[in-house]
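Chemist: Sharing a structure here in C-alpha cells format.
The values are calculated or read from the model by the stated rules, or taken from the named source; none is laboratory data. Computed from a prediction, not measured in an experiment: that's the story for all the values here. Note: ideal-geometry Cβ built from the backbone for every residue, glycine included; neighbour counts use all protein chains shown. These area figures cover heavy atoms from the full protein model, side chains too; ligands, DNA and RNA do not enter into them. Shrake-Rupley method; radii C 1.70, N 1.55, O 1.52, S 1.80 Å.
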Amino acid sequence: QVQLVESGGGLVQAGGSLRLSCAASGSILKIDKMGWDRQAPGKQRDLVATITDGGGTNYAASVQGRFTISRDNAKNTVYLQMNSLKPEDTAVYYCNALIWASAWGYFKALWGQGTQVTVSS
C-alpha cells in the first residue's frame, strides 16, 4: 500500500520555527511533483509550496521568504522548513505527491493525513 506519512507539527510561539516531514512508502517507481497544502478552521485548503523532481519550487505569496520546501529523492521524502511563523500560519498541513506505483501504470495524486501546526501570539 502506497501512503504518505507526515510528522513534525506542533505548537510554537510566533516568530519560531518548525520543520515538517512527509515520507512516501510502498512499491513506488517514481515521484513527480510533491508539495504542501494547509487548511485553517473554517477556510478552504490552500497551496503552500510545491517542488518538482528536478528541484524547481513554487510558493504561496503569504509564505514566500519564510518557508522553504525541499526533498530527498533517495528517501522519497519532502520537507517544509517554516521560519518566522505567524498566528495566521495556524492550520492543518497536508503533504501531497504525484506517485507512480508498480501496481498502477500511471501517476496518481496522494495526500497525507495532515499534521496540526499551531502558532501562538
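Chemist: Could you size up the charge dipole of the chain around its Cα centre, putting +1 on the beta carbon of Lys and Arg and -1 on that of Asp and Glu, and report it in debye to the nearest 20? Kindly include the intermediate steps, with their values, before the conclusion.
Modeler: Numbers: 11 positive and 8 negative charges, 6 e Å.
So the dipole magnitude of the chain works out to roughly 20 debye.
Chemist: Moving on. Calculate the dipole size of segment 15-64 relative to its Cα centre from +1 charges on Lys and Arg beta carbons and -1 charges on Asp and Glu beta carbons; express the result in debye to the nearest 20.
Modeler: Values: 6 positive and 4 negative charges, 25 e Å.
The dipole magnitude comes to about 120 debye.
Chemist: Which residues does a label at SER120 reach in segment 70-90, if reach means a backbone N under 18 Å from a point 7 Å past the Cα toward the Cβ?
Modeler: 84-90
Chemist: In addition: What ratio of Cα Rg to 2.2 N^0.38 Å holds for the chain? The partial results should precede the final answer.
Modeler: Values: Rg = 14.2 Å, N = 121, 2.2 N^0.38 = 13.6 Å.
Relative to the 2.2 N^0.38 Å estimate, the chain comes out at 1.04.
Chemist: Work out how much length TRP111 to SER17 would gain on full extension: take 0.36 nm times their residue separation and subtract the Cα-Cα distance, in nm to one decimal. Could you put the intermediate results ahead of the total?
Modeler: Values: separation 94, 0.36 × 94 = 33.84 nm, distance 2.34 nm.
Between TRP111 and SER17, full extension yields an extra 31.5 nm.
Chemist: Per the 1.4 Å probe, what fraction of the accessible area of the chain, in percent, lies on carbon and sulfur atoms? Could the numbers behind the result be given before it?
Modeler: Numbers: 3010 of 6210 Å².
Roughly 48 percent of what the probe reaches on the chain is carbon or sulfur.
Chemist: Modelling each spin label as a point 7 Å along the Cα-to-Cβ direction, I'd like the SER7/ASN58 distance in nm, to one decimal.
Modeler: Taking the simple label geometry, SER7 and ASN58 are separated by 3.0 nm.
Chemist: Kindly report the accessible area of the chain per residue (heavy atoms of protein chains, probe 1.4 Å, no ligands, DNA or RNA), in Å². Write out the running numbers ahead of the final one.
Modeler: On the way: 6210 Å² over 121 residues.
Averaged over the residues of the chain, the accessible area is 51 Å².
Chemist: Follow-up. Would you mind giving the three semi-axes, in whole Å and largest first, of the ellipsoid equivalent to segment 1-40 according to its Cα gyration tensor?
Modeler: Listed largest to smallest, the semi-axes of segment 1-40 are 26, 11, 9 Å.
Chemist: Another one. Excluding same-chain pairs closer than 8 in sequence, count the lysine pairs in the chain whose Cα atoms lie under 27 Å apart.
Modeler: 9
Chemist: Would you mind finding the longest exposed-site-free stretch of the chain, with exposed chymotrypsin sites (Phe, Trp or Tyr not before Pro) meaning DSSP loop and at most 15 other Cβ atoms within 10 Å? Kindly include the intermediate steps, with their values, before the conclusion.
Modeler: Numbers: sites that count: TRP104, TYR106.
That gives 1-103 as the longest site-free run.
Chemist: Could you give the nm distance between label points at ASN73 and TRP104, where each point is 7 Å from its Cα heading toward the beta carbon?
Modeler: Between ASN73 and TRP104, the simple spin-label model gives 1.8 nm.
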